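**Q** Let me begin by handing over the structure; questions about it come next.
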Amino acid sequence: MVAAAIVLSACGGGAKDFIADNYSKTSQDGDVVLYSSKDPVGTTVSRIVDADEPAARSADGGNEYLRYDDDIVTVSSASGGGSTIKVEDIDGTYRSGGYAYLGPGFNPGSPAGGSSGSGGSGSAK
């Protein structure tokens with residue numbers, strides 16, 4: 001039954017729906033939604049990736065970043081144990097260069113047009 005739920009979640013709306021169905025929502029601010037997981041970062045990321053393979057994946061300083069077509073999922077350690085999952089719609093912030101470089105697959109690698117930092121050479125797609 002659990003496998004069926006994972007398959008249905010993965011087929012329906014991808015990572016965003018899987019996360020909403022399997023983790024506790026703690027807050028929302030516009031297009032940014034926070035969830036909590038009682039599992040550590042590695043276990044939480046593995047479950048999300050098993051449900052919906054990201055287009056790109058990167059890790060930095062204990063955080064894991066998963067890029068999907070329309071979202072960036074960041075999983076980080078939560079104070080007191082477990083992990084925090086942040087789901088951000090990338091239509092505006094990411095495509096306008098609002099994220100720092102996260103590695104291959106996360107273009108643009110630096111702020112678009114160089115207006116708020118060093119100029120990026122990647123194109124926002």
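**Q** Would you say Ser46 is without any contact (Cβ under 8 Å) to a residue 12 or more places away in the chain and surrounded by fewer than 18 Cβ atoms within 10 Å (Cβ to Cβ)? Please lay out each step first, then the result.
**A** Working: without any contact (Cβ under 8 Å) to a residue 12 or more places away in the chain: yes; surrounded by fewer than 18 Cβ atoms within 10 Å (Cβ to Cβ): yes.
Yes.
**Q** Scan region 52-72 for residues that are aliphatic (A, V, I, L, M) and either touching an Asp or Glu at 6+ places or on another chain (Cβ under 6 Å) or open to solvent by less than 40 Å² (accessible area, probe 1.4 Å) (or both) and jot them down.
**A** Within region 52-72, Ala56, Leu66, Ile72 meet the criteria.
**Q** Here is a follow-up. Residues Asp17, Asp52, Asp29: which one is at pLDDT below 95 and over 11 Å from Ser76 (Cα atoms)?
**A** Asp29
The values are calculated or read from the model by the stated rules, or taken from the named source; none is laboratory data. If you're wondering where the values come from, they're calculated on a predicted model, not measured in any experiment. As a convention, Cβ positions derive from the backbone with ideal geometry for all residues, glycine included, and neighbour counts pool all protein chains shown. Note: accessible area is taken over every heavy atom of the protein model, side chains too, but ligands, DNA and RNA are not part of it. Shrake-Rupley method; radii C 1.70, N 1.55, O 1.52, S 1.80 Å.
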